[in-house]
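Enquirer: Before I ask anything, let me first share the structure, which is written out below as C-alpha cells.
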Amino acid sequence: PYYVDLNQELFLQASLQSSDENLTLFVDTCVASPDPSNFRTLTYELIRSGCRKDPTYQTHSSPHSHFARFQFNAFSFINRYPSVYLQCELVVCRKGDLSSRCYQGCVNRFKRDAGS
C-alpha cells in the first residue's frame, strides 16, 4: 500500500516491457474504487476513454514512448474508506500511427439511437 493525504499529488508511471522501440503507450481509462473486485458500482473516474474526468488529472510527456506518466490529487475517497484501489486501462500502439487509438485522444462514445 501507498499512504497519502487528501489532496496530495500522486505521480504514476506505467511501462511497457518490450524491446520494440516502435511501440507507444496511451492511458485510456483510470478508475478508483474502495472495493478491489468491483470497479463498476462505487467508483471515481480520473480519465475515461481518454477524456479527463478529474480536474487534477494531468499527463506528462516522457522521453521514451514505452512510458505513460500521469498525476492527480488524492480525492475525497481517501477520507471515507481505509483503502482505495486504482484500475487503469492502457493501449499499446505503433508509434506514429495517427489512426490508432493512442493518437485519438478524448473519444466521446455516444449510444446509437435504435430509431422507430
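The values are calculated or read from the model by the stated rules, or taken from the named source; none is laboratory data. Only a predicted model underlies this, so the values are computations on that prediction, with no experimental measurement involved. Methodologically, a virtual Cβ is constructed for each residue, glycine included, from the backbone with ideal geometry; neighbour enumeration extends over all protein chains shown. Ligands, DNA and RNA are excluded from the accessible area calculation, which covers all protein heavy atoms including side chains. Shrake-Rupley method; radii C 1.70, N 1.55, O 1.52, S 1.80 Å.
Enquirer: Please work out the average accessible area per residue across the chain, using the 1.4 Å probe convention, and give it in Å².
Expert: Working: 8010 Å² over 116 residues.
It amounts to 69 Å² per residue over the chain.
Enquirer: I would also like to ask the following. Please report the carbon-and-sulfur percent of the accessible area for the chain; probe 1.4 Å, protein heavy atoms only, DNA, RNA and ligands left out.
Expert: On the way: 3810 of 8010 Å².
Answer for the chain: carbon and sulfur cover 48 percent of the accessible area.
Enquirer: Say a site is exposed when it is one of the chymotrypsin sites (Phe, Trp or Tyr not before Pro), sits in a DSSP loop, and has at most 10 other Cβ atoms within 10 Å; what is then the longest site-free stretch of the chain?
Expert: With a cap of 10 other Cβ atoms within 10 Å, the longest stretch comes to 4-109.
Enquirer: What's the long-distance tail for the chain, i.e. % of Cα pairs beyond 18 Å?
Expert: Everything past 18 Å amounts to 56 percent.
Enquirer: Report the trypsin sites (Lys or Arg not before Pro) located in region 36-116 that are in a DSSP loop and have at most 11 other Cβ atoms inside 10 Å of their Cβ, or state none.
Expert: Here the trypsin sites (Lys or Arg not before Pro) that fit, given the DSSP loop and packing criteria, are 40, 109, 111, 112.
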